[in-house]
Amino acid sequence: MSSLSEKPVVIIPAYNESGVILRLLKELYEGFSGGYYNVVVACNGCSDNTVEIVKSHFPDYLCLDIELGSKINAINEAEALGLGYPRVYVDADVVISTQSVLKIIEELGKEKEPLVLAPRAIINCSNSDSFVRLFYSAWEKTTFFIEQGYGSGVYALNQSARQLFDTFPNVTSDDGFVRHISPALKVGICEDANSTVEAPRSISDLVKIKVRIKAGKSELTNTASSSNDLDSKRRFVLRPTVTEFIFYVFINLYIGLKVKLELRKGGDLIWHRDESTR
């Protein structure tokens, strides 16, 4: 591996991802072996064999074995190695191809001003129940999905964007944080790139991850110093059907209530994640 500071880098925080991480690492290998970017897998707090899987199947990737189970700490420890730019941050349970990563890197390289890019998300609902499918049929018409790139499991920063802050703060939503670090930051979607995200199997699984996302959003709303709007007044870019709209609003109201109840009980939210797709 060349010096880490000489090339763009893909950073993958991973916590107990033994069942899914190989599909992502395989997709990234063509670009890595071609010398286009480095790959750092920041395993953190793993009690399964994620570390062994990464090291045995892809020994050329840089694999960190971090004791503390924290996504934010894992990213910060990876970045402390002195990495290059642009930086592409990828959730271990999504899939993005070499071609899509290179398109994102290319677009970031053209822009000198601070820019964060995400690929266009492809939400795979083929294994999900009808309620989950109904929710995502509405979600895919929102401003968050269409214009802001939320839900792709991937975001990337050019050098000037990454230099707007020091280390990642201890927040629940790292992707939400980077989108709102400064009014000078431009947020965009690379339409020539896509990532595949597995939708939760059931509505209860969906609620688990949406509770975490809602809590992270509330956290940023309370602490953000940026003038960027964390809660867009225009929820939908495309008009949902009446059924989609009612169900989407109902689920979001329920999730908001659940977040408030959890915070009242213990003060801190449990880190919910969807295990149905792992």
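The values are calculated or read from the model by the stated rules, or taken from the named source; none is laboratory data. Quick caveat: nothing in here was measured; it's all calculated off a predicted structure. Glycine gets a Cβ as well: all are built from the backbone with ideal geometry, and neighbour counts include every protein chain shown.
Would you mind stating whether Val39 is within 21 Å of Val116 (Cβ to Cβ) and within 19 Å of the chain's Cα centre (by Cα)? It is true that Val39 is within 21 Å of Val116 (Cβ to Cβ) and within 19 Å of the chain's Cα centre (by Cα).
Quick grid of which residues meet (1) more than 23 Å from Ser182 (Cβ to Cβ); (2) surrounded by fewer than 15 Cβ atoms within 10 Å (Cβ to Cβ); (3) not assigned by TED's automatic domain parsing to the domain that holds Asn158:
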site	(1), (2), (3)
Val101	yes, no, no
Gly109	no, yes, no
Glu113	no, yes, no
Val116	no, no, no
Ser126	yes, yes, no
Asp129	yes, no, no
Ser137	yes, no, no
Thr142	yes, no, no
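A search for C-beta distances below 9 Å between a residue of region 23-34 that is closer than 16 Å to Ser195 by Cα and any residue that is acidic (Asp, Glu) and part of a loop (DSSP other than H, G, I, E, B), counting only pairs 6+ apart in sequence or on different chains, returns Leu24/Glu17; Leu24/Asp91; Leu24/Asp93; Tyr29/Asp60. Among the residues of region 160-177, just one is touching a residue at least 60 places away in the same chain (Cβ under 8 Å), polar (S, T, N, Q) and buried (at least 17 other Cβ atoms within 10 Å of the Cβ), namely Thr172.
Let's see how each residue does on (1) assigned to a loop (DSSP other than H, G, I, E, B); (2) out of contact with any strand residue (DSSP E or B) (no Cβ under 8 Å at 6 or more places or on another chain); (3) of a type in the set (S, T, N, Q):
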residue: Ala156; (1), (2), (3): no, no, no
residue: Leu164; (1), (2), (3): yes, yes, no
residue: Phe168; (1), (2), (3): yes, yes, no
residue: Thr172; (1), (2), (3): yes, yes, yes
residue: Val178; (1), (2), (3): no, no, no
residue: Ile181; (1), (2), (3): yes, yes, no
residue: Asn194; (1), (2), (3): no, no, yes
residue: Lys208; (1), (2), (3): no, yes, no
